[in-house]
Amino acid sequence: MNNRENGSALVAVLGLIFTAGLLTAAILSLSRTGTFEILPHVNRQRSMYILEGVGNRVQYLLAADRYLNNDVTLGELDYAEFEYDRYVADGVTHLIDYYGEMVEFVITDTSSGFPMTSSAYTQTINRLISSFEDDSEWGDKLLEFRDKLDDYIDSDTDVKTDGMESGEYEELSLYNLPRNGAPQYREELLWIPGARELFPPDKNGRFTRVMLIPPENCGTIPVKPSLLTADELLLRTYCNLDEDEAKEVLESINRLKTDKELLSETLDPLIAERLSNLAVKESGFYTIDIKLSSEDKKPSSRLTFSFEGFSVTGPPDKVTRFLEWMIF
């Protein structure tokens, strides 16, 4: 009888141990799964703090460079002549060790893309039309978009030939449009039908083909775009280049950014003479794109921001006003 009871007790204990083991394994499995799910979010959150810290440092690296060096012609800076790194708006990739984290950043001029402010868009669209006179379909799309943008900005309710007023926007479920005033930021142009086709977002989903529209009290960006941020459409529009010539310029710009080869050494002089409609001097407004080094495979965010440059003593009123701040 005692043996029988002892055997029953042993089975019960073994069953309890087995059940506890299953529960422990399940908890460990859930914990590991939770760790795998949470870790990418933690890494991304941590990267945001790193990117913001690097962004602050880059602003003062730019200020120090301006203090030590005179203005340069973009594309003609020989980095080999200096014992220290130079920081100019030429799109060259820089690498920085930020408390043990390797971070890449690129500086470009904020005066980039087609100017589409209320005072500049008409000239921009007319320039685009005249540069492709043989493409009637392209010209028609631009004229239609100009009518829509005219109606978007003006304060009357008269609908232009291909324009849109409040009734047409309501049919698209875009209520409270048009603005009936000057655009306050460039991305709002994407509410206007046709904008995405004419000015498609870049590979990161940003609306960079259109020049940034500064917020109120943040200065005025010169409307002459920088040569080193130009794409094929902008080169053909502003410099009257054909497709092959524009691609040759883009190849030279790419060699500058990747290998620091001077434009004067890689670009056909006859083509170079035709680039005068684009700026080769800095506007004073800078766009910084920052990401963790490509060697780091951890999930991370990316930071892009634009601001007006300041001296080594900091902004005049000790406040940095960002024209754009985007973490993605």
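For the reader, a short list of remarks on this structure follows.
- Compared with the dominant Cα axis of the chain, that is its longest principal axis, helix 2-68 is turned about 20°.
- With every protein chain in place, the chain: carbon and sulfur % of accessible area (1.4 Å): 52 percent
- The reciprocal of the average 1/r between distinct C-alpha atoms defines the Kirkwood hydrodynamic radius, which for the range 124-271 equals 17.5 Å.
- Computed per residue of the chain from DSSP H runs no shorter than four, each worth -39500 (n - 2.57), the mean residue ellipticity at 222 nm is -14000 deg cm²/dmol.
- Taking the longest Cα principal axis of the chain as reference, the axis of helix 243-259 is set at about 50 degrees.
- Across the alpha-carbon atoms of the range 224-328, the computed radius of gyration and Dmax are 17.1, 48 angstrom.
- Whole-Å distance, taken between Cα centres, linking the range 80-97 and the range 248-291: 15 Å
- Per residue, the accessible area of the chain comes to 56 Å² when a 1.4 Å probe rolls over the protein heavy atoms.
- For the peptides 118-124, 168-174, 105-111, residues were scored by their other Cβ atoms within 10 Å and the scores averaged per peptide; the highest-first order is 105-111, 118-124, 168-174.
- Here the relative contact order of the chain, from alpha carbon pairs under 8 Å that lie six or more residues apart, stands at 25 percent.
- Straight-line reach from LYS160: taking Cα to Cα under 29 Å and skipping same-chain neighbours fewer than 8 places apart, the lysines in range are LYS141, LYS148.
- In a reduced charge model with +1 at each Lys and Arg Cβ and -1 at each Asp and Glu Cβ, the range 78-130 shows a dipole moment near 600 debye about its Cα centre.
- Whole-number Å³ per residue for the convex hull built on Cα positions in the chain: 249 Å³
The values are calculated or read from the model by the stated rules, or taken from the named source; none is laboratory data. Just so you know, these numbers come straight off a predicted model, no measurement behind them. When we count neighbours, we look across all protein chains shown, and the Cβ atoms used for this are built from the backbone with ideal geometry, even at glycine. What goes into the accessible areas is simple: the full protein's heavy atoms, side chains included, and nothing from ligands, DNA or RNA. Shrake-Rupley method; radii C 1.70, N 1.55, O 1.52, S 1.80 Å.
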